[in-house]
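Beneath this line is the structure, given in structure tokens, with notes to follow.
The values are calculated or read from the model by the stated rules, or taken from the named source; none is laboratory data. On a predicted model such as this, the values are computed, not experimentally measured, just so you know. Here the Cβ positions follow ideal geometry from the backbone for every residue, glycine too, while neighbour counts run over all protein chains shown. The protein model used for the area step is the full one, side chains on, heavy atoms only, and it has no ligands, DNA or RNA in it. Shrake-Rupley method; radii C 1.70, N 1.55, O 1.52, S 1.80 Å.
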Amino acid sequence: QVHLVESGGGLVQTGGSLRLSCAASGSGASINAMGWHRQAPGKQRELVAAITETGVTHYLDSVKGRFTISRDNAKNTVYLQMNTLKPEDTAVYYCAAETHSDAYWGQGTQVTVSS
């Protein structure tokens, strides 16, 4: 079982920055990919960014060049640095982690970008 705790959400103005963190604990199994998803009101959840255990990254097209995902394997922690934020980035952001057999989700953290 993996427990994910997110932090770093909040309210920011357009053009501002936020850094999300997600710490994983409780698993004896290795965590493979980690990532961030988001869900805005009335919309489906979408993958924002993901990173494998070897550092290969993937980004949603609309955040490329603005968001950077990174991870500290020793701490089982994944980060999402979000720059040049836009109102359309407003959503609940969820951390996710995969082991060889299961996927786990955090409780979500609200990011609100005011215009």
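Laid out as a table, the results:
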quantity: Carbon + sulfur, % of accessible area of the chain - ligands and nucleic acids excluded, 1.4 Å; calculated: 49 percent
quantity: For the stretch 54-115: rounded, prolate or oblate by the Cα gyration tensor [a/c cutoff 1.5]; calculated: prolate
quantity: Table column - 3J(HN,Hα) (Hz), the stretch 107-115, Karplus curve with 6.51, -1.76, 1.60, x for Gly and Pro; calculated: 7, x, 9, 7, 10, 10, 10, 8, 8
quantity: Loop trypsin sites (Lys or Arg not before Pro), the stretch 59-115 (other Cβ atoms within 10 Å of the site Cβ: 16 or fewer; DSSP); calculated: Lys64, Arg66, Lys75
quantity: Rel. contact order, % - alpha carbon contacts under 8 angstrom, at least six apart, the chain; calculated: 36 percent
quantity: Selection of trypsin sites (Lys or Arg not before Pro), the stretch 23-58, meeting DSSP coil and at most 10 other Cβ within 10 Å; calculated: Lys43
quantity: Accessible area expressed per residue, the stretch 25-115, with surrounding protein chains retained (probe 1.4 Å, Å²); calculated: 52 Å²
quantity: Given charges at beta-carbon only (K, R positive; D, E negative), |dipole| of the chain in Debye; calculated: 260 debye
